[in-house]
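A.B. asks: Next up is a structure, given as structure tokens.
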Amino acid sequence: MYNLLLDVTASTIDWSRAQFALTAIYHWLFVPLTLGLAVIMGIVETCYYRTGKAFWKDAARFWQRLFGINFAMGVATGIILEFEFGTNWSNYSWMVGDVFGAPLAIEGMLAFFMESTFVAVMFFGWDKVSRGFHLTSTWLTGLGATLSAWWILVANSWMQYPVGQQFNADTMRFEMTSFTDVAFSPFAIDKFFHTVTSSWMIGAIFVVAVSSWYLLKQREVKLAKESMKIAAITGLCATLLAAFTGDHSAYMVSKVQPMKLAAMEALYNGGHKQGLTLVSGVSPFGQPDYENQHEPPMRVAVPGALSFLATHSFDGYVPGINDIIKGYTSHDGKVELPLKEKIARGKKAIVALSEYRKMTADRKFTPATLPAEARERLTTLQENLPYFGYGYIKNVHDLVPNIPVNYYSFRLMVGVGCLFVLFYLVLLHVMYHYDVAERRFRWLHIAAICMLPMAYLASESGWIVAELGRQPWTIQDMLPVNVAVSDISSGSIALTFFIFLFLFTTMLLVEINILIKQIKRGPEYSEPQVETVKTAE
């Protein structure tokens, strides 16, 4: 295992990464809407439970209908994702399956079965179970989906911040030593809350956009106004919470993934009182010359903001790309070695592991009977194990992620988030001071519909930063992607890539078509509704 994949072609690695990225991006088109709509439909049905009015029941059934369509697509795309670990990333699965598999197993046995059970009651239990039990089933469906997200994000966070495990040189596997450390790491908690609150944003803007379309068409006015009020308040709260949790996520990234933060900011050379860039001349094409440039051209920054984001101090030290390459002392006094020395220590660990495996291949030893030479190699391995993954890196510049992609993706995510705060403030002002159904607010409804794809762009951009920002690592500092892949032909991966591209695109178009038809169809009312639309005086 320690030298099996040194000759794997770059094409195999690139196609494996591309296929997983394709699957993950398509899957994430469905997941946030599931999490967000679960909250909205839960609130709407709670209104029905408290008032007993048929209108709220009809509204809840309408939003649940749209939820169900999206839920089914999310499940279908998610299943393929998990299979790819075994097909394209078999070495990764072998080495970390004992740790990575635990949260995935819990997600499948607990969270997924929970939401699958109660979603049936939610859809088919109307007028068959009590209002209270049905409401409970609706909220438990949303809770199950959220718990699924929790365990998936725990697994992903462990890849970004590996804790609670040890490496077994005899089995060539990482083994879990503390389930609590894995399940409740600070990185996992921050990622969970940031991801879920951003999903609530998407669910809220989806409801606002659908309601705005109804108001533009001058139909379903009461449903649109009441749903929009709930979604606007939920959306504003979710956006502010996402900003708060994003701040703490950046703080964690600065501690455990400083190169990612440097790439997000295009920070070539660090220092104290670093500013957060608003605009700069970072070329979107190709890796910039960070070695010979002090900073990107035309840089305009907020003084001290990056230092505060990374250290919670305006005077804090933030390392740049060149500082990380050459070695530096962090804000809290920790000395980080130059990347060349980390690579050298990683190679030393790999050699020690190889020699240890050869010495112990013929017979099984107990710790007491282990030969002195083998014990010495094992000690060398343990001393250099924190740098094990660096031993597979050929050049220090391979440890620098794609700067333009991370830089602009981060700004797209943050910029759209700020725009959402402004949008919701304007929307709530109009709703509480005027009649939002008036024709003079058509511009606001058109803006709401345009905000929907922007929310998805921001959400996907966040994941691009999270995943591309940690390249070339599959597991931070432990396992680079060139060691994690399966030894299969690039042609077979390329073929399945285009098959998946066709299938996922078809599924997405089918869902959009079904959603549009259901939205045009509208809710099914149990009582006649009177539609009134005021014109501006």
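The values are calculated or read from the model by the stated rules, or taken from the named source; none is laboratory data. The structure displayed is predicted, hence computed values, not measured ones. Here the Cβ is made from the backbone with ideal geometry for all residues, glycine too, and neighbour counts use every protein chain on show.
A.B. asks: For the range 46-85, give me each residue that is among the aromatic types (Phe, Trp, Tyr) and outside any helix (DSSP H, G or I).
C.D. replies: none
A.B. asks: From the list Thr141, Thr234, Thr136, Thr146, exactly one residue is among the β-branched types (Val, Ile, Thr), closer than 30 Å to Thr474 by Cα and either buried (at least 18 other Cβ atoms within 10 Å of the Cβ) or at pLDDT 95 or above (or both). Which is it?
C.D. replies: Thr146
A.B. asks: Would a scan of the range 115-132 turn up a residue that is of a type in the set (Lys, Arg), under 22 Å from Asp58 (Cα atoms), outside the structural domain of Arg377 (by TED's automatic domain parsing) and not in a helix (DSSP H, G or I)?
C.D. replies: Scanning the range 115-132 turns up at least one residue that is of a type in the set (Lys, Arg), under 22 Å from Asp58 (Cα atoms), outside the structural domain of Arg377 (by TED's automatic domain parsing) and not in a helix (DSSP H, G or I).
A.B. asks: Pick from Ser307, Ser227, Ser199: which is in a helix (DSSP H, G or I), touching a Ser or Thr at 6+ places or on another chain (Cβ under 8 Å) and free of Cβ contacts under 8 Å to residues at least 40 places away in the same chain?
C.D. replies: Answer to the check: Ser307.
A.B. asks: Here is a follow-up. For residues that are at pLDDT 90 or above and surrounded by fewer than 16 Cβ atoms within 10 Å (Cβ to Cβ), tally how many sit in the range 348-375.
C.D. replies: Matching residues across the range 348-375 total 1.
A.B. asks: Just one of the numbered conditions (1) in contact (Cβ under 8 Å) with a residue 40 or more places away in the chain; (2) part of a loop (DSSP other than H, G, I, E, B); (3) of a type in the set (Asp, Glu) is not true of Asp289; which one?
C.D. replies: (1)
A.B. asks: Further question on the same structure: Out of everything in the range 259-276 that is in contact (Cβ under 8 Å) with a residue 40 or more places away in the chain and part of a loop (DSSP other than H, G, I, E, B), what residue ends up being surrounded by the most Cβ atoms within 10 Å (Cβ to Cβ)?
C.D. replies: Leu267
A.B. asks: Here are the criteria: (1) at pLDDT below 95; (2) in a helix (DSSP H, G or I). Tell me which single one Tyr214 does not satisfy.
C.D. replies: Single failed check for Tyr214: (1).
A.B. asks: Considering only the range 166-191, how many residues are of a type outside the set (Asp, Glu), within 23 Å of Lys260 (Cα to Cα) and either surrounded by fewer than 18 Cβ atoms within 10 Å (Cβ to Cβ) or in contact with a Ser or Thr (Cβ under 8 Å, 6 or more places away or on another chain) (or both)?
C.D. replies: 6
A.B. asks: Further question: Is it the case that the range 245-259 has a residue that's under 21 Å from the mean Cα position of the chain (by Cα), within 30 Å of Ile40 (Cα to Cα), at pLDDT 95 or above and among the polar types (S, T, N, Q)?
C.D. replies: No, the range 245-259 has no match at all.
A.B. asks: In the list Met122, Met73, which residue meets the criterion of being at pLDDT below 95, over 27 Å from the mean Cα position of the chain (by Cα) and crowded, with 20+ Cβ neighbours inside 10 Å?
C.D. replies: Of the residues listed, the single one that is at pLDDT below 95, over 27 Å from the mean Cα position of the chain (by Cα) and crowded, with 20+ Cβ neighbours inside 10 Å is Met122.
A.B. asks: I need the full set of residues from the range 281-290 which are over 26 Å from the mean Cα position of the chain (by Cα) and under 20 Å from Val414 (Cβ atoms), in order please.
C.D. replies: Passing the criteria: only Gly281.
A.B. asks: Among the residues of the range 250-306, what is the count of those that are farther than 20 Å from Gly327 by Cβ and among the hydroxyl-bearing types (Ser, Thr, Tyr)?
C.D. replies: Residues that pass the stated criteria total 4.
A.B. asks: State whether one or more residues within the range 335-350 are part of a loop (DSSP other than H, G, I, E, B) and touching a residue at least 60 places away in the same chain (Cβ under 8 Å).
C.D. replies: No - not one qualifying residue is present in the range 335-350.
A.B. asks: Could you list, in sequence order, the residues of the range 397-422 that are part of a helix (DSSP H, G or I), of a type in the set (A, V, I, L, M, F, W, C) and within 29 Å of Lys340 (Cβ to Cβ)?
C.D. replies: Leu399, Ile403, Val405, Phe410
A.B. asks: Can you confirm whether the range 449-456 contains a residue that is in contact with a Ser or Thr (Cβ under 8 Å, 6 or more places away or on another chain) and modelled with pLDDT of 95 or more?
C.D. replies: yes
A.B. asks: Among Val256, Val279, which is under 22 Å from Val396 (Cβ atoms), among the aliphatic types (A, V, I, L, M) and surrounded by fewer than 20 Cβ atoms within 10 Å (Cβ to Cβ)?
C.D. replies: So the residue among Val256, Val279 that is under 22 Å from Val396 (Cβ atoms), among the aliphatic types (A, V, I, L, M) and surrounded by fewer than 20 Cβ atoms within 10 Å (Cβ to Cβ) is Val256.
A.B. asks: Does Arg440 qualify as being assigned to a helix (DSSP H, G or I) and over 19 Å from the mean Cα position of the chain (by Cα)?
C.D. replies: yes
A.B. asks: Continuing with this model, one more query. Mind listing whichever residues of the range 310-321 are more than 18 Å from Ala243 (Cβ to Cβ) and assigned to a helix (DSSP H, G or I)?
C.D. replies: Thr311, Ile321, listed by residue number.
A.B. asks: Could I ask something else about it? Hey, Asp435 hits all of (1) farther than 26 Å from Ser93 by Cβ; (2) under 24 Å from the mean Cα position of the chain (by Cα); (3) not basic (Lys, Arg) but one; which does it fall short on?
C.D. replies: All conditions are met except number (2).
A.B. asks: Okay, next question. Condition test on Glu438, is it acidic (Asp, Glu) and more than 15 Å from Val221 (Cβ to Cβ)?
C.D. replies: So Glu438 fails the test.
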